[in-house]
Structure formats: structure tokens, C-alpha cells
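Working notes, structure below.
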Amino acid sequence: MAWMSSAEQTSPGSRPTAGSTFVRACRGEPVTHTPVWFMRQAGRSLPEYRELRAGVRMLESCRRPDLVTEITLQPVRRHGVDAAIFFSDIMVPLDAAGVDLDIVAGTGPVVAEPVRTMADLDRVRPLDPAAVSYVDEAVRLLTAELGETPLIGFAGAPFTLASYLVEGGPSRNHTQTKALMYGDPELWHALLARLADITLTFLKVQIAAGVSAVQLFDSWVGALSEADYREYVLPHSRAVLEGLTDAGVPRIHFGVGTALLLPAMAQAGADVVGVDWRTPLDQAAKLVPGHPVQGNLDPAVLFAPWEVVEREVRRILAEGRTAPGHVFNLGHGVLPETDPTVLTRVVELVHELSAR
């Protein structure tokens, strides 16, 4: 697809979703009900997803606009959520930037040659928007199909991307990552600056194509202390989020195990702070004053009896009312074994209980 001039690109103010419940909640504006969507709502919990993805590798599915469109739409049709999230993977922009990697079923991202020297960093090229033209095409297909339902774009945050590049794959303790961070801060900051630039470019492609909001995922940043976060990570996450200040769409920042990091994460420039299940939303609201919050039902609660699920949904809605705005979500992604009918019932319950 040919790249559109800036005059032809979708302007945030012209998006049909600008007045949607989800976007209004992200901006702390009055809403008719609390909007709800789920991280990983498009994925392995849906039998229609498993059928569509059979025999198709993850990176290939992310490069096919037809598959991306259908997979993204599946949970919107099934659950009636208030927003769709673009189906992709946080490693997609790194693949497009020349990193030799694969997403291995049952393992996760695997990087052929980890980045541990300045020479290694040279293999991580800046991202050319044309290298992810399939993302642009898929977003445009989706926004046409979704109409007034917002589409959320996303990307991995610099620290989480760095952890995969340095470790070579998933890691429990992030030993190599921290060794590089502490032992070679010059290389560390050069790596994260490169990743921040790639991430910003990737998000700008999605915004220009028409997404209504973006979420920056920092899945592994909870492995750090607040002091280390502020010194080694915050400047680079800020470069991404503040680089989107004039984009006109809400920016959500989410991490796992981040109770002590929430104030610093809010300072990175997000409009909405995502909260995992470990921190009650009313406590989180005090830590990030002035910010709407997103979350935070424990994904494991969905396996409990319905009366437990309902009790927890009621609690989270009550806690969320203490913030300027609340987007109901899980405290992390939908687990693959989740019964999809429970997710649908949660959406219905949130809408019923929060109707103004």
C-alpha cells in the first residue's frame, strides 16, 4: 500500500470513535457506563481463533492483514467489548527492523543472536515504516469494519523489548539484562534509545492509519526497583509516550508487578495508567493522581464460581470510581484456558452495574 501524505492521514479529531465511551473514559470525561475490553481478548481462549490460526505461525499471521482483521474482530463480535485491540505481537517491529527472531509456540520470542555488544546493536536497524505496511493496511481495514468501535494500537516498551534481545528469549530473573544494564550503561542506553525510536515509529504508523488509542506494554519492568526504573528505563519510555503528545489519541501505559513503579510510570507521559491485579484501583488512583486507571480483575478469578467473579467485578468497579476515569480490564492477559462465555458475562455485568 502506498504511503499517504500527512494531509491524507486520518486526523484524531475526525475519528468516528472520538466520542466513544472508551475514549471518553481514557480522557476522564463523563461516560454512560464503564467501558470494558480485555488484554489478549483476541487469542487462544477463542475456538474460532484456534481454528483460523491452525498451521499458521505467529509472525506470518501478524503480516497478513486478512487474518489480523478477522482475529481482531472475533472478540468484538463474541463479547460485545467497548474496544478492539489490534492483533499483533510486540516483536513484530523488531522483526521488521532486521532482528533474526521467531515466536515459538509454547516458548515465546526467541532471538537468534542476542544483543550484548555495540557491534550487536548495529544489527538492530531503525524501523522503516514501509517495512510494516501490512500494519497500516490492517488498521485501515479494521477501522472500516469497526465503525464507531475504537481500535487500540499497541507496542512493547523499550525495557521489555530489550529483555528479549539481551536474554535471547523469555527469562525468569533477567540476569543477562540486568548485568548489561549495570555493567555497560553506555550500551544499555544506546540500546533502549534505539528501541524507543523503533517503538515510536511503530505506534505512529498505527495512529496515522486510524487507531483511536495506543497502549505501551512493559510486561517485565516489574523486575526493577523504582530507583533503577527511573535511571535506566523512564527516559526511554518517556521518549515514546511524549513523542505522541501531539498525536491526539489517549496513551495507556501498562506493566506487571509495578505497584511501586506506578508513580514513575505515570510520569513517563501516559494519559491512562494500567494496573495489574496486585494493586487495588483505589490505591493506584492515589499513586497516580489526575490519571484515569485501567484494570484490574485477576485473570485467574475467571475460573472461580460465578458468584466470586461477580463479587470481584463489583469491587473493582467501586474502586475504579475513585479515579478520574476507569476502563475495566483484567490485571493481565486472558489465559488460554479461559471459558469465553465467562468473559461475555463479565462484559454484560460491567455494563449493567455501571450504567449511569
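The values are calculated or read from the model by the stated rules, or taken from the named source; none is laboratory data. None of the values given here were measured: they were computed from a predicted structure. Neighbour counts are summed over all protein chains in view; Cβ atoms, including those assigned to glycine, are modelled from backbone coordinates with ideal geometry.
Hey, among the residues in the stretch 304-340 that are part of a helix (DSSP H, G or I) and touching a residue at least 60 places away in the same chain (Cβ under 8 Å), which one's farthest from PRO47 (Cα to Cα)?
Narrowing the stretch 304-340 to residues part of a helix (DSSP H, G or I): 306-320, 340.
Next, from what is left, pick out any that are touching a residue at least 60 places away in the same chain (Cβ under 8 Å): 317, 320, 340.
On the way: LEU317: 29, GLY320: 32, PRO340: 9 Å.
Taking the candidates together, the pick is GLY320.
May I ask you to list pairs of residues, at least six apart or on different chains, whose Cβ atoms are under 6 Å apart, with the first in the stretch 86-115 being under 19 Å from PHE217 (Cβ atoms) and the second being among the small types (Gly, Ala, Ser)?
Pairs that qualify, where the first residue is under 19 Å from PHE217 (Cβ atoms) and the partner is among the small types (Gly, Ala, Ser), are PHE86/GLY153; PHE87/ALA42; ILE90/GLY156; ALA96/ALA131; VAL110/GLY169; VAL111/GLY168.
Scan the stretch 151-167 and tell me whether some residue there is of a type in the set (D, E, K, R), within 17 Å of MET118 (Cα to Cα) and either modelled with pLDDT of 95 or more or touching a Cys at 6+ places or on another chain (Cβ under 9 Å) (or both).
yes
Residue by residue through the stretch 145-168, note down the ones that are out of contact with any helix residue (DSSP H, G or I) (no Cβ under 9 Å at 6 or more places or on another chain) and either among the hydrophobic types (A, V, I, L, M, F, W, C) or on the phi < 0 side of the Ramachandran plot (or both). Walk me through how you get there before you give the answer.
Filtering the stretch 145-168 for residues out of contact with any helix residue (DSSP H, G or I) (no Cβ under 9 Å at 6 or more places or on another chain) gives 147-148.
GLU148, the sole residue that qualifies.
Report every pair of residues separated by at least 6 positions or lying on different chains whose Cβ atoms are under 9 Å apart, first residue within the stretch 127-143 and surrounded by fewer than 19 Cβ atoms within 10 Å (Cβ to Cβ) and part of a loop (DSSP other than H, G, I, E, B), second modelled with pLDDT of 95 or more and among the β-branched types (Val, Ile, Thr).
ASP128/THR201
Provide a single number: the residues in the stretch 171-187 that are assigned to a loop (DSSP other than H, G, I, E, B), loosely packed, with under 15 Cβ neighbours inside 10 Å and not basic (Lys, Arg).
Kept after step one, since they are assigned to a loop (DSSP other than H, G, I, E, B), are these residues of the stretch 171-187: 171-174, 184.
So of that shortlist, the ones also loosely packed, with under 15 Cβ neighbours inside 10 Å come out as 172-173.
If we keep only those that are not basic (Lys, Arg) as well, we get 173.
Number of matching residues: 1.
Could you list, in sequence order, the residues of the stretch 171-223 that are closer than 26 Å to ALA144 by Cβ, hydrophobic (A, V, I, L, M, F, W, C) and touching an Asp or Glu at 6+ places or on another chain (Cβ under 9 Å)?
VAL205, ALA208, ALA209, ALA213, listed by residue number.
Need the failing condition index for ASP271 against (1) among the charged types (D, E, K, R); (2) out of contact with any Asp or Glu (no Cβ under 8 Å at 6 or more places or on another chain); (3) within 25 Å of ARG345 (Cα to Cα), just the number.
The one condition ASP271 does not meet is (3).
Among the numbered criteria (1) surrounded by fewer than 20 Cβ atoms within 10 Å (Cβ to Cβ); (2) touching a strand residue (DSSP E or B) at 6+ places or on another chain (Cβ under 8 Å); (3) under 15 Å from TRP37 (Cα atoms), which single criterion is violated by ILE316?
(1)
Are there any pairs, at least 6 apart or on different chains, whose C-beta atoms fall under 7 Å, with the first in the stretch 49-72 and on the phi < 0 side of the Ramachandran plot and the second assigned to a helix (DSSP H, G or I) and polar (S, T, N, Q), and if so, which?
Short answer, once both residue conditions are applied: TYR49/GLN74; ARG53/SER61; LEU67/SER61.
Across the stretch 43-73, what is the number of residues that are in contact with a strand residue (DSSP E or B) (Cβ under 7 Å, 6 or more places away or on another chain) and more than 18 Å from ARG140 (Cβ to Cβ)?
Selection size over the stretch 43-73: 2.
Select from the stretch 288-299 the residues that are closer than 15 Å to ALA266 by Cα and either surrounded by fewer than 20 Cβ atoms within 10 Å (Cβ to Cβ) or modelled with pLDDT under 95 (or both) and list them in ascending order.
Listed by number, the residues that qualify are PRO289, GLY290.
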